[in-house]
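Enquirer: Here it is, the structure in full.
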Amino acid sequence: MSDTDAIAALIHEYAFRLDAGNLDGVAELFAHAELRFTSDDRVFRGPAEARTLYDPVVLYDDGTPQTLHQLGNVTIELDGDTARARTYFTVLQITAQGLHPILAGEYRDRFARTHERWHFAERLFDPKLVGDLSRHMRRST
């Protein structure tokens with residue numbers, strides 16, 4: 001597998017795990033990464049802190065959040081054992097009222113290669129369009 005394909009597979013794996021309701025698996029993808037948001041200055045490091053970001057996700061009887069993450073415009077730039085990527089995302093969710101886009105934006109990622117394997121080094125979440133998240137995320141108290 002090429003380096004570009006390996007990095008694209010990591011980007012896609014995030015969506016697959018999240019849509020399957022595998023929130024622990026999502027957090028493991030960020031074992032060696034920092035997670036940030038454009039909306040605040042907090043930094044989340046490692047899988048335990050990453051996992052807290054997904055605590056508010058509503059999981060339904062089938063064990064999933066009943067979402068589908070659509071990824072596009074994936075651009076990957078390699079630089080030796082590091083890389084950067086930009087990806088647009090749209091999150092669709094099915095409810096009793098039908099299928100709805102609930103969130104869209106951009107992931108800006110950094111990757112590193114260690115022991116011949118690529119991993120996330122940083123993800124910046126940049127939500128640009130926010131819809132009705134009430135059936136996707138519990139409100140923080």
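Enquirer: Springs between alpha-carbon atoms under 10 Å, Gaussian network over the chain: tell me which of T87, T67, T75 tops the mean-square fluctuations.
Expert: Looking only at T87, T67, T75, the largest GNM fluctuation is found for T75.
Enquirer: So, for the chain, what is the accessible surface per residue at a probe of 1.4 Å, expressed in square angstrom?
Expert: Accessible area per residue, the chain: 58 Å².
Enquirer: Here is a further query. Of all the accessible heavy-atom surface of the chain, with the other protein chains kept in place and a 1.4 Å probe, what percent is carbon and sulfur?
Expert: 50
Enquirer: Pulled fully out, how much extra length does the chain show between D40 and D126, if you take 0.36 nm times their separation in residues and subtract their Cα-Cα distance?
Expert: Full extension from D40 to D126 adds 29.9 nm.
Enquirer: Residues with beta-carbon under 12 Å from that of R113, excluding R113: net charge, scoring Lys, Arg +1 and Asp, Glu -1?
Expert: Neighbour charge sum, excluding R113 itself: -2.
Enquirer: Sticking with this one: Most mobile of D81, D126, D61 per a Gaussian network model of the chain (Cα springs, under 10 Å)?
Expert: Looking only at D81, D126, D61, the largest GNM fluctuation is found for D61.
The values are calculated or read from the model by the stated rules, or taken from the named source; none is laboratory data. Small disclaimer: the values here were computed from a predicted structure and weren't measured. Neighbour counts run over all protein chains shown; Cβ positions are idealised from the backbone, glycine included. Keep in mind that these areas ignore ligands, DNA and RNA; they rest on the heavy atoms of the full protein, side chains included. Shrake-Rupley method; radii C 1.70, N 1.55, O 1.52, S 1.80 Å.
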